[in-house]
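Chemist: Submitted below is the structure of interest, expressed as structure tokens.
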Amino acid sequence: PSASYLSQLLIGALEAARRAGCHLVLETCEDDGAPAQVEAVRQLIDAEVRGVVLPPPLSESTAIRNALAEAGIPWAAIAMGSQDAGTLNVRIDDFEAARAMTRHLIELGHRSIGFIKGHPNQVASAERHRGFVAALAEAGIDPASVRIEQGLFTYRSGIDAAERILEGPSRPTAIFASNDDMAAATVGVAHRHGLQVPGDLSIVGFDDTAIATSIWPALTTIRQPISAMADAAITMLLRRVRERPGETEATEEEVLPYQLVLRESAGPTRH
């Protein structure tokens, strides 16, 4: 989803592999098309891997799942949406996390809140948007009255979405971006517009990756245990790999806790 997400994911995966005494093979797949995804699986099959961990958005790929199933290779997903029988999945509750963040902004007095959605190819994006809308509705705020723009989890897409929100007819008092990269981009756009953060505009993110504390002001965000999710996925996968033939392959899902991290980028509304 982003470079900062990927770095934390790899740290967790490498630590789990080191602890378990197994070798981690990495295969890139930057193309959303099924042929490229199947080719990536073929590379792993040729490497004679015993199991595969699928991070988002590849955890949603039917082409990859089918290719692994045909090869008889077990896999574990990170942040997969709906599960099929026998699948392994590690995630957080993106819906509740986004609802908690939105409630925090509402408690600070914000009722005009912009929202930048994540990449549409990931279930987490839809769940975070759904949590945002649910919190607005609970507070009696019409979701149709707020500015919602599409992002792609990248810094560049955050700039574009923030510009669209801030150049609109009525500027919100807060913006909730669906990840830290887009939130950091929004902070930069706000500064370029001459806005004080959080005095004129509160900005919050999601993930608590390194960029959240590398910018000024530091981001209020949702801490997602990305490294721990990769660690848990490998641990689950190793159990499945080491099962004796004929053992029941039960569906497993582990939901790890999130944390609302309060920093300097969000404060009470002045309006």
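The values are calculated or read from the model by the stated rules, or taken from the named source; none is laboratory data. Quantities reported herein were computed from a predicted structural model and do not represent experimental measurements. Reconstructed Cβ throughout: ideal geometry from the backbone, glycine too, with neighbour counts over all protein chains shown. Just the protein is used for accessible areas: all its heavy atoms, side chains included, with ligands, DNA and RNA removed. Shrake-Rupley method; radii C 1.70, N 1.55, O 1.52, S 1.80 Å.
Chemist: Would you tell me the accessible area of residue 193, worked out with a 1.4 angstrom probe on the heavy atoms of the protein chains, in Å² to the nearest 10?
Modeler: Ignoring ligands and nucleic acids, residue 193 comes out at about 80 Å².
Chemist: Report the Cα-based extents of the stretch 88-237 along its three principal axes, largest first, to the nearest Å.
Modeler: Between the extreme Cα coordinates on each principal axis of the stretch 88-237 lie 50, 34, 26 Å.
Chemist: Turning to a different aspect of this structure: With the Cα gyration tensor of the stretch 162-259 giving a ≥ b ≥ c as the square roots of its eigenvalues, does the rule (a/c under 1.5 for rounded; else a/b larger than b/c for prolate; else oblate) give rounded, prolate or oblate? Mind dumping the intermediate values first?
Modeler: Working: a/c = 4.40, a/b = 3.22, b/c = 1.37.
The shape class here is prolate.
Chemist: So if we plug the beta-carbon distance of residue 263 and residue 144 into 1/(1 + (r/R0)^6) with R0 = 22 Å, what FRET efficiency do we get, rounded to 0.05? Please report the intermediate quantities before stating the final value.
Modeler: Values: r = 30 Å, r/R0 = 1.38.
Result of the calculation: an efficiency of 0.15.
Chemist: Quick one: if you stick a label point 7 Å off each Cα along the C-beta vector at residue 71 and residue 121, how many nm between them?
Modeler: Computed distance between label sites residue 71 and residue 121 equals 1.9 nm.
Chemist: OK, next. For the ranges 66-79, 92-105, what's the packing order if you count other beta-carbon atoms within 10 Å of each residue, average per peptide, and put the highest first? Working shown, then result.
Modeler: Working: 66-79: 18.7, 92-105: 21.1.
Packing order, densest peptide first, comes out as 92-105, 66-79.
Chemist: Build a GNM of the chain with springs between Cα atoms under 10 Å: which of 227, 214, 157 gets the top mean-square fluctuation?
Modeler: 214
Chemist: For the stretch 109-171, rounded, prolate or oblate, judged on the Cα gyration tensor with a ≥ b ≥ c (square roots of eigenvalues), a/c < 1.5 rounded, else prolate if a/b > b/c?
Modeler: Working: a/c = 2.73, a/b = 1.17, b/c = 2.34.
Note, shape of the stretch 109-171 comes out oblate.
Chemist: Before anything else, pin down the relative contact order of the chain: Cα pairs under 8 Å, at least 6 apart, normalised by residue count, whole percent. Mind showing how you got there, number by number?
Modeler: Values: 526 pairs, mean separation 63.2, N = 271.
Contact order relative to length: 23 percent.
Chemist: Only four residue types carry charge here, +1 at the Cβ of Lys and Arg and -1 at the Cβ of Asp and Glu. Report the dipole size of the chain about the Cα centre in Debye, rounded to the nearest 20.
Modeler: Values: 24 positive and 35 negative charges, 133 e Å.
That gives the chain a dipole magnitude of about 640 debye.
Chemist: Can you give the helix-only mean residue ellipticity at 222 nm for the chain, where every DSSP H stretch with n ≥ 4 adds -39500 (n - 2.57) and the sum goes over all residues, rounded to the nearest 500 deg cm²/dmol?
Modeler: Rounded to the nearest 500, the figure is -13500 deg cm²/dmol.
Chemist: With a ≥ b ≥ c taken as the square roots of the eigenvalues of the C-alpha gyration tensor of the stretch 87-126, please select rounded if a/c is under 1.5 and otherwise prolate if a/b is larger than b/c or oblate if it is not? If you can, show how the numbers build up before the last one.
Modeler: Values: a/c = 5.92, a/b = 1.85, b/c = 3.19.
Taking the square roots of the gyration eigenvalues as a ≥ b ≥ c, the stretch 87-126 is oblate.
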